[in-house]
Amino acid sequence: AANRTFSIIKPDATRRNLTGAVTKMLEDAGLRVVASKRIQMTRKQAEGFYAVHKERPFFDDLVAFMISGPVVVQVLEGEDAVKRNRDIMGATNPENAAEGTIRKAHAESIEANSVHGSDSDENAATEIAFFFKPEEIVG
Ligand code: CMP
């Protein structure tokens, strides 16, 4: 069924002027951008967004990276949007990402891996609500 997922174009990608290139790969994969904004995340926002990873050894570095430059937060809509987005993103570690994926094409490292995408419908709803008001999403 058509549904929604949440995406972030990360600072390594915005820094290299890849917002359009990444968005084109999402669109070519059958996803529609129904909300989008470029923001500078605050430390508080980044810590809140990644709260599930708080106890992980990479948490402090992850937060520092995510606030190191602008990001583009997006809501994507399409058939099986969560899975479709995860497929086009590729594996978290670009060394393991398949040919044709965003991370294979553009990611620099497991941290600077160009994109984030929700891993379940439930998390997608939570993550969308973290950054967007309902009226900012236009399907
Ligand atoms: P993301 O989908 O945004 O969710 C958490 C992020 O932590 C992940 O993508 C990676 O970019 C980042 N990260 C950094 N180091 C690691 C690691 N060792 N294992 C998993 N994720 C990591």
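The values are calculated or read from the model by the stated rules, or taken from the named source; none is laboratory data. No experiment lies behind these values; they were computed from the predicted model shown. Reconstructed Cβ throughout: ideal geometry from the backbone, glycine too, with neighbour counts over all protein chains shown.
Can you pull out every residue in the stretch 8-40 that is aliphatic (A, V, I, L, M), within 19 Å of Gly139 (Cβ to Cβ) and surrounded by 16 or more Cβ atoms within 10 Å (Cβ to Cβ)? If you could, list the steps in order and put the result at the bottom.
Keep residues of the stretch 8-40 that are aliphatic (A, V, I, L, M), which gives 8-9, 13, 18, 21-22, 25-26, 29, 31, 33-35, 39.
After this cut, where a residue has to be within 19 Å of Gly139 (Cβ to Cβ) as well, the list is 26, 29, 31, 33-35.
Answer for the stretch 8-40, where residues must be aliphatic (A, V, I, L, M), within 19 Å of Gly139 (Cβ to Cβ) and surrounded by 16 or more Cβ atoms within 10 Å (Cβ to Cβ): Leu26, Ala29, Leu31, Val34, Ala35.
Just need a number here: residues in the stretch 1-46 that are within 16 Å of the ligand (Cβ to nearest atom), of a type in the set (S, T, N, Q) and in contact with a helix residue (DSSP H, G or I) (Cβ under 7 Å, 6 or more places away or on another chain).
2
When you check Asn113 against the structure, is it at pLDDT 95 or above, surrounded by 15 or more Cβ atoms within 10 Å (Cβ to Cβ), closer than 20 Å to Ile137 by Cα and among the polar types (S, T, N, Q), yes or no? Spell out the reasoning first.
Working: at pLDDT 95 or above: yes; surrounded by 15 or more Cβ atoms within 10 Å (Cβ to Cβ): yes; closer than 20 Å to Ile137 by Cα: no; among the polar types (S, T, N, Q): yes.
Considered against the rule, which asks whether it is at pLDDT 95 or above, surrounded by 15 or more Cβ atoms within 10 Å (Cβ to Cβ), closer than 20 Å to Ile137 by Cα and among the polar types (S, T, N, Q), Asn113 comes out as no.
Tell me, please, whether a residue that is free of Cβ contacts under 8 Å to residues at least 24 places away in the same chain, in a helix (DSSP H, G or I) and surrounded by 15 or more Cβ atoms within 10 Å (Cβ to Cβ) can be found in the stretch 84-102.
Yes, there is a match, as at least one residue in the stretch 84-102 is free of Cβ contacts under 8 Å to residues at least 24 places away in the same chain, in a helix (DSSP H, G or I) and surrounded by 15 or more Cβ atoms within 10 Å (Cβ to Cβ).
Being of a type in the set (A, V, I, L, M) and away from the ligand (no atom under 12 Å from the Cβ) narrows it down to one of Ala64, Ala91, Ala125, Ala112, so name that one.
Working: Ala64 fails: away from the ligand (no atom under 12 Å from the Cβ); Ala91 fails: away from the ligand (no atom under 12 Å from the Cβ); Ala112 fails: away from the ligand (no atom under 12 Å from the Cβ).
The conditions single out Ala125.
What are the residue pairs meeting all of these: first residue in the stretch 51-64, first residue loosely packed, with under 12 Cβ neighbours inside 10 Å, second residue at pLDDT 95 or above, Cβ atoms under 8 Å, and 6 or more apart or on different chains?
Final answer for the pair search is Lys54/Glu47; Arg56/Leu62; Asp61/Glu111.
Residue check: is Ala129 touching a residue at least 60 places away in the same chain (Cβ under 8 Å) and in a helix (DSSP H, G or I)? Spell out how you get there, then give the answer.
Details: touching a residue at least 60 places away in the same chain (Cβ under 8 Å): no; in a helix (DSSP H, G or I): yes.
For Ala129, the condition - touching a residue at least 60 places away in the same chain (Cβ under 8 Å) and in a helix (DSSP H, G or I) - is not met.
Residues checked against (1) in contact (Cβ under 8 Å) with a residue 40 or more places away in the chain; (2) part of a loop (DSSP other than H, G, I, E, B); (3) of a type in the set (S, T, N, Q):
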site: Phe6; (1), (2), (3): yes, no, no
site: Thr14; (1), (2), (3): yes, no, yes
site: Asn17; (1), (2), (3): no, yes, yes
site: Val22; (1), (2), (3): yes, no, no
site: Ala35; (1), (2), (3): yes, no, no
site: Gly48; (1), (2), (3): yes, no, no
site: Leu76; (1), (2), (3): yes, no, no
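Go through (1) without any contact (Cβ under 8 Å) to a residue 24 or more places away in the chain; (2) within 17 Å of Ile128 (Cα to Cα); (3) of a type outside the set (Phe, Trp, Tyr) and name the single condition Val72 misses.
Checking Val72 against (1) without any contact (Cβ under 8 Å) to a residue 24 or more places away in the chain; (2) within 17 Å of Ile128 (Cα to Cα); (3) of a type outside the set (Phe, Trp, Tyr), the one that fails is (1).
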